[in-house]
Amino acid sequence: MDPDRLDQAALARLLADQDGVVARRQLRGLGCSDVELRRMLRRRSLVPVHPGVYVDHTGRPTRAQLEWAAVLFHWPAALHRESALRAHGMSRDRGRGDGDRIVVMVGSEQRRSADRAVIAERVRGAERWIQWHRSPPRARLEFALLKVASDRDDAGAVAVLSDAVQQGLTTPGRLLEVLDALSRLPGRAFLREVLGDVAEGTRSVLEHRYLTRVERPHGLPLGQRQARVSGAAGVAYRDVRYPDQRVLVELDGAFGHRDAVDRWADLERDVGAAADGELTLRPGWAQVLEPCRLAGTVAVVLRARGWEGAPTACGPDCALDRGGWLSPGDSQPPRSA
């Protein structure tokens with residue numbers, strides 16, 4: 001092929017679209033011969049990143065260029081998991097531990113591998129979940145997010161889902177729609193339980209977990225459920241009420257930004273309770289998923305307000321025995337049952 005046939009204008013546009021990264025097959029599609037490619041490599045106007053994938057400068061590639069290089073090397077491929085979340089604009093992930101690695105999604109039949117900095121995950125029916133029009137192509141946010149959540153423990157899963165919803169990237173409803181199509185996703189039952197509770201706004205799952213994992217196994221007093229309370233703010237129903245200690249526990253199952261009207265309503269209820277001498281605690285999913293720690297916190301408040309009992313450890317590894325629940329003035333925790 002005549003080396004002069006390389007379409008320089010088209011190459012410039014392609015490099016601009018792909019953050020300065022290009023694959024050999026793309027160069028050939030623009031009329032670049034092997035002779036011209038070797039000339040550009042000698043002149044260092046193109047520098048290899050992976051075999052058959054090049055960047056248009058000699059400095060260290062940027063993160064975006066490394067992502068494009070990983071996608072082009074594994075083509076057809078798309079950014080996946082934490083790499084996709086980052087590309088979708090997720091700026092906060094409290095559980096991110098991927099470091100500099102790049103994860104790409106490829107079809108189930110592909111067997112190619114690049115280097116230790118790139119992980120290629122084979123997914124059956126990958127085309128269904130890839131947004132090819134994005135730059136670079138990436139997994140649909142909800143799919144990547146659920147994949148990430150399924151690999152984390154319960155608290156980590158709730159944290160990453162909440163982070164994405166809080167940043168306005170998705171909703172519990174959209175996540176449930178995708179989850180329904182992932183029948184084999186590890187941890188699916190728990191994710192559906194949480195997302196369903198959040199989407200419906202019932203808090204029933206959260207309330208049940210508080211009873212069965214916080215209150216009951218740690219020997220806290222049995223609270224009144226959905227207690228009808230009349231006070232300065234009128235009549236209200238409280239999630240959990242400890243009447244002898246005048247302590248209320250309102251379980252906050254919301255993800256993300258809550259409407260300002262809801263926040264005012266919460267504040268007014270709490271002020272009304274305070275005017276009646278009752279203290280309100282508002283734990284959410286993150287706290288209930290650390291039941292030993294939350295039990296210790298609630299125990300501190302109950303003891304400070306007259307409870308003469310003591311919390312008990314739920315098992316040999318219970319955090320209560322670390323003394324974290326001690327109220328001011330206590331020097332030693334009572335012996336755990």
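The values are calculated or read from the model by the stated rules, or taken from the named source; none is laboratory data. Nothing here was measured: the structure is a model prediction, and the numbers come from that model. Reconstructed Cβ throughout: ideal geometry from the backbone, glycine too, with neighbour counts over all protein chains shown. The protein model used for the area step is the full one, side chains on, heavy atoms only, and it has no ligands, DNA or RNA in it. Shrake-Rupley method; radii C 1.70, N 1.55, O 1.52, S 1.80 Å.
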Gap in Å between the Cα centre of segment 277-300 and the Cα centre of segment 1-60? 59 Å
Which is farthest toward the positive dipole end of segment 163-208 among Gly196, Thr171, Pro186, measuring Cα position about the Cα centre, with Cβ charges +1 (Lys, Arg) and -1 (Asp, Glu)? Pro186
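If we count every other residue with Cβ under 12 angstrom of Ser45's Cβ, Lys/Arg +1 and Asp/Glu -1, where does the sum land? Kindly include the intermediate steps, with their values, before the conclusion.
Numbers: positive: Arg38, Arg39, Arg42, Arg43, Arg44; negative: Glu36, Asp56.
Combined, the nearby Lys, Arg, Asp and Glu give +3.
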What net charge is computed for the residues neighbouring Gly187, neighbours being all others with C-beta under 13 Å from the C-beta of Gly187, Lys and Arg scored +1, Asp and Glu -1? +1
Give the accessible surface of the chain per residue, rounded to a whole number of Å², with probe radius 1.4 Å and ligands, DNA and RNA excluded. 51 Å²
Output the 0 to 90 degree angle, nearest 10, between the alpha-carbon long axis of helix 154-166 and the longest principal axis computed from the alpha carbons of the chain. 70 degrees
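For segment 30-188, with all protein chains present and a 1.4 Å probe, just round the carbon and sulfur fraction of the accessible area to a whole percent. Intermediate values should be presented prior to the final figure.
Details: 3490 of 7570 Å².
With neighbouring chains kept in place, the figure for segment 30-188 is 46 percent.
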What's the FRET efficiency of Ser150 with Arg225 using the Cβ-Cβ distance as r and R₀ = 35 Å, to the nearest 0.05? 0.65
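Which value, in debye to the nearest 20, describes the size of the charge dipole of segment 65-194 about its Cα centre when Lys and Arg Cβ atoms bear +1, Asp and Glu Cβ atoms bear -1, and nothing else is charged?
Details: 21 positive and 17 negative charges, 49 e Å.
For segment 65-194, the charge dipole is close to 240 debye.
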